[in-house]
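S.K.: Structure provided below as structure tokens; questions to follow.
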Amino acid sequence: MQSPIQKLTRAGLIAALYVALCLVFKATSFGIIQFRPAEALAVLPILYPEAIAGIFVGVLLSNILGGLGLVDIILGSLISLAAAYLTWYLRHSMLAYLPPIILNALLVSLYLHSLFNYPYWVSVLSIGISQTVVILLIGYPLINYLKKRL
């Protein structure tokens, strides 16, 4: 059994790591064409419910630093919060890997389409492909590694 302090610490570390990864990969983490390696952390709610808060805070802080404005700060953070919760809710199924892919592709594309005057479906495909790559090539192995360590 873990103490509330350990859970809070883990959430804080997840948020900090998310922000750090977005800053290291700033060139590809923001904009109409996104490849955000930090999104690999979006599947951590499969193992850690406190990761829901960590992902939310990490995305919120990253989007403040990303420069796309209030729409991205608010909507991007809420979309990630919903995806993290659904990932936790579906944690006993392979479907748990889908919410960060589907919600980001369909919903983030809505406001990026407006901000950049870019075709919606092109944005959906771009974000969907990059999310799929990050979630399946980094996030999935990360979860398997952490499961073995628990």
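S.K.: Out of the residues in region 123-145 that are loosely packed, with under 14 Cβ neighbours inside 10 Å and either closer than 12 Å to residue 40 by Cβ or among the small types (Gly, Ala, Ser) (or both), state the one that is farthest from the chain's Cα centre (by Cα).
M.R.: That would be 145.
S.K.: Only one of 127, 143 is in a helix (DSSP H, G or I), in contact (Cβ under 8 Å) with a residue 60 or more places away in the chain and more than 26 Å from residue 10 (Cβ to Cβ); which?
M.R.: 127
S.K.: So, one more: Specify which of the listed residues (87, 132) is more than 23 Å from residue 11 (Cβ to Cβ) and either in a helix (DSSP H, G or I) or among the basic types (Lys, Arg) (or both).
M.R.: Answer to the selection: 132.
S.K.: Taking the conditions exactly as written (assigned to a helix (DSSP H, G or I), more than 27 Å from residue 144 (Cα to Cα) and of a type outside the set (Val, Ile, Thr)), does residue 27 satisfy them or not?
M.R.: Yes: the conditions hold for residue 27.
S.K.: Follow-up question, since we're still on this one. Filter region 109-122 for residues that are part of a helix (DSSP H, G or I) and either polar (S, T, N, Q) or surrounded by fewer than 19 Cβ atoms within 10 Å (Cβ to Cβ) (or both) and give the result.
M.R.: If the condition is that a residue be part of a helix (DSSP H, G or I) and either polar (S, T, N, Q) or surrounded by fewer than 19 Cβ atoms within 10 Å (Cβ to Cβ) (or both), then 109, 110, 111, 113, 114, 115, 116, 120, 121, 122 are the ones that fit.
S.K.: Looking at residue 112 and the list (1) out of contact with any helix residue (DSSP H, G or I) (no Cβ under 8 Å at 6 or more places or on another chain); (2) at pLDDT below 95; (3) hydrophobic (A, V, I, L, M, F, W, C), which single condition is not satisfied?
M.R.: Failed condition: (1).
S.K.: Could I ask something else about it? Based on this model, can you work out whether residue 31 counts as surrounded by fewer than 19 Cβ atoms within 10 Å (Cβ to Cβ), closer than 16 Å to residue 115 by Cβ and modelled with pLDDT under 95?
M.R.: Yes.
S.K.: Regarding region 98-108, can at least one residue be identified that is touching a residue at least 40 places away in the same chain (Cβ under 8 Å), surrounded by 19 or more Cβ atoms within 10 Å (Cβ to Cβ), among the small types (Gly, Ala, Ser) and assigned to a helix (DSSP H, G or I)?
M.R.: Among the residues of region 98-108, not one is touching a residue at least 40 places away in the same chain (Cβ under 8 Å), surrounded by 19 or more Cβ atoms within 10 Å (Cβ to Cβ), among the small types (Gly, Ala, Ser) and assigned to a helix (DSSP H, G or I), which makes the answer no.
S.K.: Identify, from the list 60, 68, 41, the residue that is in a loop (DSSP other than H, G, I, E, B) and either in contact with a Gly (Cβ under 8 Å, 6 or more places away or on another chain) or buried (at least 17 other Cβ atoms within 10 Å of the Cβ) (or both).
M.R.: The match here is 68.
The values are calculated or read from the model by the stated rules, or taken from the named source; none is laboratory data. Here the structure is a predicted model, which is why all the values come from computation and not from measurement. Reconstructed Cβ throughout: ideal geometry from the backbone, glycine too, with neighbour counts over all protein chains shown.
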